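The values are calculated or read from the model by the stated rules, or taken from the named source; none is laboratory data. Nothing here was measured: the structure is a model prediction, and the numbers come from that model. Every residue, glycine among them, receives a Cβ derived from its backbone with ideal geometry; neighbour counts consider all protein chains shown. We work out accessible area using only protein heavy atoms, side chains counted, and drop any ligands, DNA or RNA first. Shrake-Rupley method; radii C 1.70, N 1.55, O 1.52, S 1.80 Å.
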Amino acid sequence: MELLKSPKSMYLLDAGLEALHAQTIEWLNEIAFWRDEAAFFNSLVVKKNLKSVPVNGKDNIKALERELIAITGVELDELQQTVENHECYLNDLLENKYLKEEYYRNTHKELTVKFSEFERRFKSLKREVFALVELLSGT
């Protein structure tokens, strides 16, 4: 399935390096926010509900916990490192004109897709957490 490209992303890829830098900073802020959200979900939702859930529901909570750990423990770290490296390359690009701006733009385009895919997956995980909380609260 091919992702639809947002007009903002398409515009930014043709924009100046400052706009790409701003989007990269926005990504880093979003990653920090996702870390906070994941920690909240893990500590307040998963850990506290594990004790009060019937045995047949514990598998769902354990699966969510594993997914939270996978997303925040490995994938989010990798995404953050990739974005930080991308930002460092921009700094080098601005200081050393011999580096290829085209490479930076292509990498930014790839990161835009990777970031969108991660965001979609994280939103899906949030929906699962919310559904579980709703189920546990009897609503």
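Yes/no matrix, rows are residues, columns are (1) farther than 23 Å from Val74 by Cα; (2) of a type outside the set (Phe, Trp, Tyr); (3) at pLDDT 80 or above:
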| site | (1), (2), (3) |
| --- | --- |
| His21 | yes, yes, yes |
| Glu30 | no, yes, yes |
| Ala38 | no, yes, yes |
| Leu44 | no, yes, no |
| Gly57 | yes, yes, no |
### Task
Please specify each residue of segment 1-19 satisfying the condition of being open to solvent by 100 Å² or more (accessible area, probe 1.4 Å) and at pLDDT 65 or above.
Glu18
### Summary
Residues in segment 99-129 that are open to solvent by 30 Å² or more (accessible area, probe 1.4 Å), in a helix (DSSP H, G or I) and of a type in the set (A, V, I, L, M, F, W, C) total 1
### Task
For residues that are touching a residue at least 24 places away in the same chain (Cβ under 8 Å) and surrounded by fewer than 12 Cβ atoms within 10 Å (Cβ to Cβ), tally how many sit in segment 81-98.
0
### Query
Given the conditions (1) within 29 Å of Ala19 (Cα to Cα); (2) of a type in the set (Ser, Thr, Tyr); (3) at pLDDT below 80, which single one is not true for Ser137?
(1)
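In the set Glu101, Glu67, Glu75, Glu128, which member is out of contact with any Lys or Arg (no Cβ under 7 Å at 6 or more places or on another chain), closer than 25 Å to Leu17 by Cα, at pLDDT 85 or above and not β-branched (Val, Ile, Thr)?
Details: Glu67 fails: closer than 25 Å to Leu17 by Cα; Glu75 fails: closer than 25 Å to Leu17 by Cα; Glu128 fails: closer than 25 Å to Leu17 by Cα.
Answer to the selection: Glu101.
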